[in-house]
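Below: the structure, in structure tokens.
The values are calculated or read from the model by the stated rules, or taken from the named source; none is laboratory data. Being a predicted model, the structure only gives us computed values, none of them experimental. Note: ideal-geometry Cβ built from the backbone for every residue, glycine included; neighbour counts use all protein chains shown. All accessible areas refer to the heavy atoms of the entire protein, side chains included, with ligands and DNA or RNA removed. Shrake-Rupley method; radii C 1.70, N 1.55, O 1.52, S 1.80 Å.
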Amino acid sequence: MKVAIAHDCNEVSDRIGNCLEYALVTIEDHTVTDRDHLENPGHEAVEIPAFLAIHKVTHVVTGSMERKAVDLFQDNDIDVLLGISGSVETVIREIIDGKIPLGEGSCRQMLECS
């Protein structure tokens, strides 16, 4: 899986469209196999899901986003995980440890997405 974590100064961003950049982390068998960073291409909700899809992102992590944005990510086959805060390193560790479960085909957050 390839996870894009929206962040500002290594802390998970509250809003995906307003973040400075995305930490791209490839995780295979509970191990980080690749890391990269991408600058935010802009704040247009339509552009970000397509931009991350080009980079083969399968999951996106952020604090919150509007329902329309969730739909756009899911239209690009990117699962959404909302309600996350903390440092990028902590989030990566929690994903690897299974404390933040990333499944397929669903939107997860503290409140129900649908």
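Hey, can you tell me all the residues within the range 59-92 that are in a helix (DSSP H, G or I) and either touching a Ser or Thr at 6+ places or on another chain (Cβ under 8 Å) or not acidic (Asp, Glu) (or both)?
Within the range 59-92, Arg67, Lys68, Ala69, Val70, Leu72, Phe73, Gln74, Val88, Thr90, Val91, Ile92 qualify.
Would you mind telling me which numbered condition in (1) under 12 Å from the mean Cα position of the chain (by Cα); (2) modelled with pLDDT under 95 Asp97 fails?
Every listed condition holds for Asp97 apart from (1).
Among what's in the range 100-112 and is open to solvent by less than 40 Å² (accessible area, probe 1.4 Å) and closer than 19 Å to His30 by Cβ, pick the residue that is modelled with the lowest pLDDT.
Among those that are open to solvent by less than 40 Å² (accessible area, probe 1.4 Å) and closer than 19 Å to His30 by Cβ, it is Gly103.
Restricted to the range 58-68, and to residues that are in contact with a strand residue (DSSP E or B) (Cβ under 8 Å, 6 or more places away or on another chain) and open to solvent by 10 Å² or more (accessible area, probe 1.4 Å), which residue is farthest from Leu20 (Cα to Cα)?
Result: Thr58.
How many residues, within the range 27-42, are under 20 Å from Ile84 (Cβ atoms) and open to solvent by 20 Å² or more (accessible area, probe 1.4 Å)?
7
Cβ-Cβ below 9 Å, separation at least six or inter-chain, first residue in the range 77-98 and within 15 Å of Met1 (Cα to Cα), second open to solvent by less than 30 Å² (accessible area, probe 1.4 Å) and hydroxyl-bearing (Ser, Thr, Tyr): which pairs?
Short answer, once both residue conditions are applied: Val80/Thr62; Leu81/Thr62.
Answer yes or no: is there a residue in the range 60-76 that is among the β-branched types (Val, Ile, Thr) and free of Cβ contacts under 8 Å to residues at least 40 places away in the same chain.
No.
Which residues, taken from the range 2-23, are in contact with a His (Cβ under 8 Å, 6 or more places away or on another chain), aliphatic (A, V, I, L, M) and surrounded by 14 or more Cβ atoms within 10 Å (Cβ to Cβ)?
Within the range 2-23, Val3, Ala4, Ala23 qualify.
Being farther than 25 Å from Asp97 by Cβ and under 12 Å from the mean Cα position of the chain (by Cα) is the filter here, so list the residues in the range 39-68 that pass it.
Ile48, Pro49, Ala53
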